[in-house]
Amino acid sequence: MSDSSAIEWTNASWNPVTGCTKLSAGCDHCYAERFAERFRGVVGHPFEPGFDLTLRPERLDQPTLWRRPRLIFVNSMSDLFHKNIPAGFIGSVFETMEQADWHTFQVLTKRSSLMRRFVNARYANRQPPAHIWLGVSIEDERALSRLRHLKETKATVRFVSFEPLIGPIGEVDLRDIHWVIAGGESGPGARPVEVDWLRELRDACQRQRVAFFFKQWGGRTPKAGGNTLDGRQWLEYPTTRDTDAKWWADNQHRAARAPATTTAAFPHLRALP
């Protein structure tokens, strides 16, 4: 687990699995692959196997040892629902998340149908824990089937990461979605994002009362273009009951970056409908 994260919408990361394989156009310039492959063959380095899919059972209990509440991105260096990860291992990850209920976990996948199958079976006779947020990554309108799968997945909080946004999404129904993250691609060969694609998502969130977080324009580096859209930052989060009390203090530095003249109109913590 990383004590902090450079990813703006989370506090920390936990990687009980590392490595992955490409699934769609959004994977073409994968930041995690680019990072991991730098260390392939370096003896003793955590990424000695590069970006090969690797289970890390020794990391399974890490969140239970971290006592201060955090917002934790699960598998920032992989996809928990990769088809080659045994269901039993995924179950162990969920057992840890269920046990460490003082944290809030963010599970993000492109393998949306596999997530739907696993989660709906695990929670067939009970409500999924509110501190486990489930999300899908969508890069353009061709990947919108993942949104349908997410809506069909039992969850208390559902979120969508439109990042890297490499094409328009069009009219999107965000019913039963609580949070949208959007951002452009960064790194070598980054594909540019169009302002109209972002405005369309932001406006849909406002109409449908969904929290909207604009992460970055992207470019050569993640910070190259900043994160201001139409003259302001958009750093909204969803919240459920005590969520903000648990980890919001760790995110205050992010809230402080937003223009003071707009925080009253667009609070960073937006209550679920």
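Only the coordinates and a few stated rules stand behind these numbers; no lab work does. The model shown is predicted, which means the values in this text are computed figures rather than measured ones. Note that we place each Cβ from the backbone using ideal geometry, even for glycine, and neighbour counts take in every protein chain shown.
Taking the range 116-142 as the search range and keeping residues that are part of a loop (DSSP other than H, G, I, E, B) and touching a strand residue (DSSP E or B) at 6+ places or on another chain (Cβ under 8 Å), which one is surrounded by the fewest Cβ atoms within 10 Å (Cβ to Cβ)?
Ranking the candidates gives P128 first.
For the subset of the range 18-51 comprising residues that are part of a loop (DSSP other than H, G, I, E, B) and touching a Cys at 6+ places or on another chain (Cβ under 9 Å), which member is surrounded by the most Cβ atoms within 10 Å (Cβ to Cβ)? So that I can check it myself, show each step before the final result.
First, pick out the residues of the range 18-51 that are part of a loop (DSSP other than H, G, I, E, B): 20-24, 28-30, 38-51.
Restricting the remaining residues to those that are touching a Cys at 6+ places or on another chain (Cβ under 9 Å) gives 20-22, 30, 51.
On the way: C20: 24, T21: 14, K22: 11, C30: 18, F51: 22.
Looking at residues that are part of a loop (DSSP other than H, G, I, E, B) and touching a Cys at 6+ places or on another chain (Cβ under 9 Å), I get C20.
Output the residue which, of all residues in the range 11-47 that are touching a Ser or Thr at 6+ places or on another chain (Cβ under 8 Å) and of a type in the set (S, T, N, Q), is farthest from E95 (Cα to Cα).
Looking at residues that are touching a Ser or Thr at 6+ places or on another chain (Cβ under 8 Å) and of a type in the set (S, T, N, Q), I get N11.
Conditions (1) over 25 Å from H149 (Cα atoms); (2) among the acidic types (D, E); (3) within 20 Å of the chain's Cα centre (by Cα), marked per residue:
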| residue | (1), (2), (3) |
| --- | --- |
| E48 | yes, yes, no |
| L71 | no, no, yes |
| M77 | no, no, yes |
| L80 | no, no, yes |
| N84 | no, no, no |
| F105 | no, no, yes |
| L114 | no, no, yes |
| A130 | no, no, yes |
| L134 | no, no, yes |
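Which of (1) more than 17 Å from the chain's Cα centre (by Cα); (2) under 22 Å from W179 (Cβ atoms); (3) acidic (D, E) is the odd one out, the single condition D61 does not satisfy?
The one condition D61 does not meet is (2).
Conditions tested, residue by residue: (1) touching a residue at least 60 places away in the same chain (Cβ under 8 Å); (2) farther than 14 Å from S161 by Cβ.
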site	(1), (2)
G184	no, no
G189	yes, yes
L201	no, no
R207	no, yes
G218	no, no
K223	no, yes
G231	no, yes
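Would you please name the residue that is surrounded by the most Cβ atoms within 10 Å (Cβ to Cβ), looking only at residues in the range 198-228 that are under 22 Å from H29 (Cβ atoms) and hydrophobic (A, V, I, L, M, F, W, C)?
Only one residue tops the list, namely F214.
Within the range 143-176, restricting attention to residues that are within 18 Å of L71 (Cβ to Cβ) and β-branched (V, I, T), which residue is surrounded by the fewest Cβ atoms within 10 Å (Cβ to Cβ)?
The qualifying residue surrounded by the fewest Cβ atoms within 10 Å (Cβ to Cβ) is T156.
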